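Below: the structure, in structure tokens.
The values are calculated or read from the model by the stated rules, or taken from the named source; none is laboratory data. Since this is a predicted model, take the numbers as computed values, not measurements. Ideal geometry is used to build each Cβ from the backbone, glycine not excepted, and the neighbour counts take in all protein chains shown.
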Amino acid sequence: MKKIPENKDLATMDDMSLEEQVETVAGCNFSLTEMALYFSEVVSQEQFLQKANDPDSLIYLAIQRGRLKTEFNIAAQQKLLAETGNSTAVQIFEKITERKRVEEIKNKIWFGT
């Protein structure tokens with residue numbers, strides 16, 4: 001997995017593909033509209049939003065992957081802290097776990113997945 005160098009200027013992300021840039025920005029929890037504006041020099045806002053909402057597009061996949069990676073990293077850190085006995089981390093990790101379970105139940109009910 002490619003890591004962003006710590007001294008890299010994230011505002012430019014010059015050596016990254018568009019999908020990698022989208023993944024990075026999505027991982028920072030920007031909205032689709034904000035991302036469309038951010039990438040408007042590369043692709044029109046309308047086209048970006050179309051691709052961002054198309055489950056078959058690479059942009060959609062990059063957005064989902066970026067958000068998931070961030071969520072994973074946060075959950076993994078909370079898990080490590082919880083395992084050391086940090087009571088606040090235990091509570092946060094339990095909330096994360098419960099939220100994921102509720103999402104799974106909703107998806108089963110609404111979408112059968």
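Any residue in region 93-113 that is assigned to a helix (DSSP H, G or I) sitting within a Cβ distance under 6 Å of a residue that is of a type in the set (S, T, N, Q) and surrounded by 10 or more Cβ atoms within 10 Å (Cβ to Cβ)? List the pairs, counting only those 6 or more apart or interchain.
Close Cβ pairs satisfying both conditions: Phe93/Gln78.
Which of the residues spanning region 51-89 are surrounded by 14 or more Cβ atoms within 10 Å (Cβ to Cβ), among the charged types (D, E, K, R) and closer than 20 Å to Thr33 by Cβ?
Result: Lys51, Arg65, Arg67.
Answer yes or no as to whether Thr97 is at negative phi, modelled with pLDDT under 95 and of a type outside the set (A, V, I, L, M, F, W, C).
Details: at negative phi: yes; modelled with pLDDT under 95: yes; of a type outside the set (A, V, I, L, M, F, W, C): yes.
Here the answer is yes, as Thr97 does meet what is asked.
Just need a number here: residues in region 29-50 that are in a helix (DSSP H, G or I) and either surrounded by 14 or more Cβ atoms within 10 Å (Cβ to Cβ) or among the small types (Gly, Ala, Ser) (or both). Write out each step before concluding.
Our first condition is that a residue be in a helix (DSSP H, G or I); within region 29-50, this holds for 32-38, 45-50.
In the following step, the residues that additionally are either surrounded by 14 or more Cβ atoms within 10 Å (Cβ to Cβ) or among the small types (Gly, Ala, Ser) (or both) were identified as 32, 35-36, 38, 45, 47-50.
Adding up the residues that qualify gives 9.
Which residue out of Pro5, Pro55 is at pLDDT 95 or above and not in a helix (DSSP H, G or I)? Outline the logic, then answer.
On the way: Pro5 fails: at pLDDT 95 or above.
One residue alone meets the criteria, Pro55.
Could you please give the count of residues in region 90-113 that are among the aliphatic types (A, V, I, L, M), within 21 Å of the chain's Cα centre (by Cα) and surrounded by 12 or more Cβ atoms within 10 Å (Cβ to Cβ)?
Final tally of qualifying residues: 2.
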